[in-house]
Amino acid sequence: FTEVDSMNFPQMFMNTFFIAVCSCLISTFFVLGVSFCTSRVKWKMRKPYMNMAMVINLFPGFMSMVAIYFLLKAMGLTEGNRIPIALVICFCAGAGTGFHVMKGYMDTIPRALDEAAMIDGCTRFQTFYKITLPLCKPMIVYQVITSFMGPWMDFILAKVIVRAEAEYYTVSIG
């Protein structure tokens, strides 16, 4: 179970757990920010951004594996102890485009709550933190679960980045 010659499952579990937790926290932060901005804030390129994100999400992520690998290699993130950081970056990089479900939920929250908070002197961030986030708890749980499961179950991208360095294997590769 823990022999060095064969697969070291506890090490693989800890690698996967570290990558999944870091990706989960960063991805959830990104998705909450992008969802709030696209749902509540009016800005010039909002509609084109949402359309672009929808088109990008139509293509599976593994189509860009070769390009991602060469970018990571050029930055020196495919060797040694930088491999987990490279995996976290890969799993978090596209999180801002997966905001549609959370945005749809935020659209159901009445804008009158935001307006009342603004009248009471809240800034946009305070409105987000004190009004919107507590009302979005079910969707935050959904986002945390889905952003944790992605890195936990990914095999293809993790195998391309980790290659044959067994000490950085994740559970799915092992």
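Worth pointing out:
- Selected residue (only one of 157, 77, 87, 71 is surrounded by 15 or more Cβ atoms within 10 Å (Cβ to Cβ), of a type outside the set (Val, Ile, Thr) and in a loop (DSSP other than H, G, I, E, B)): 77
- Count of region 52-73 residues which are among the small types (Gly, Ala, Ser), free of Cβ contacts under 8 Å to residues at least 60 places away in the same chain and closer than 24 Å to residue 100 by Cα: 2
- Among (1) within 25 Å of residue 38 (Cβ to Cβ); (2) exposed (fewer than 13 other Cβ atoms within 10 Å of the Cβ); (3) not aromatic (Phe, Trp, Tyr), the one test that residue 124 misses: (2)
For (1) at pLDDT 90 or above; (2) loosely packed, with under 14 Cβ neighbours inside 10 Å, each residue gets a yes or a no:
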position: 16; (1), (2): yes, no
position: 30; (1), (2): yes, no
position: 41; (1), (2): no, yes
position: 47; (1), (2): yes, yes
position: 50; (1), (2): yes, no
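- Of all the criteria given as (1) exposed (fewer than 13 other Cβ atoms within 10 Å of the Cβ); (2) within 26 Å of residue 71 (Cα to Cα), the one not satisfied by residue 112 is (2).
- Options 69, 105, 142; residue that is over 30 Å from residue 15 (Cβ atoms) and among the aromatic types (Phe, Trp, Tyr): 105
- Restricting 168, 105 to those that are under 23 Å from residue 54 (Cα atoms) and open to solvent by 30 Å² or more (accessible area, probe 1.4 Å) reduces the list to 105.
- Leading residue by the ranking (least open to solvent (accessible area, probe 1.4 Å)) among those in region 127-145 that are out of contact with any helix residue (DSSP H, G or I) (no Cβ under 9 Å at 6 or more places or on another chain) and of a type outside the set (D, E, K, R): 134
- Screening residue 37 against (1) outside any loop (DSSP other than H, G, I, E, B); (2) free of Cβ contacts under 8 Å to residues at least 24 places away in the same chain; (3) open to solvent by less than 30 Å² (accessible area, probe 1.4 Å) leaves a single unmet condition, (3).
The values are calculated or read from the model by the stated rules, or taken from the named source; none is laboratory data. In this text, all values refer to a predicted model and were calculated from it rather than measured experimentally. When we count neighbours, we look across all protein chains shown, and the Cβ atoms used for this are built from the backbone with ideal geometry, even at glycine. For the accessible areas, the whole protein counts, side chains as well, though only heavy atoms, and no ligand, DNA or RNA atoms are used. Shrake-Rupley method; radii C 1.70, N 1.55, O 1.52, S 1.80 Å.
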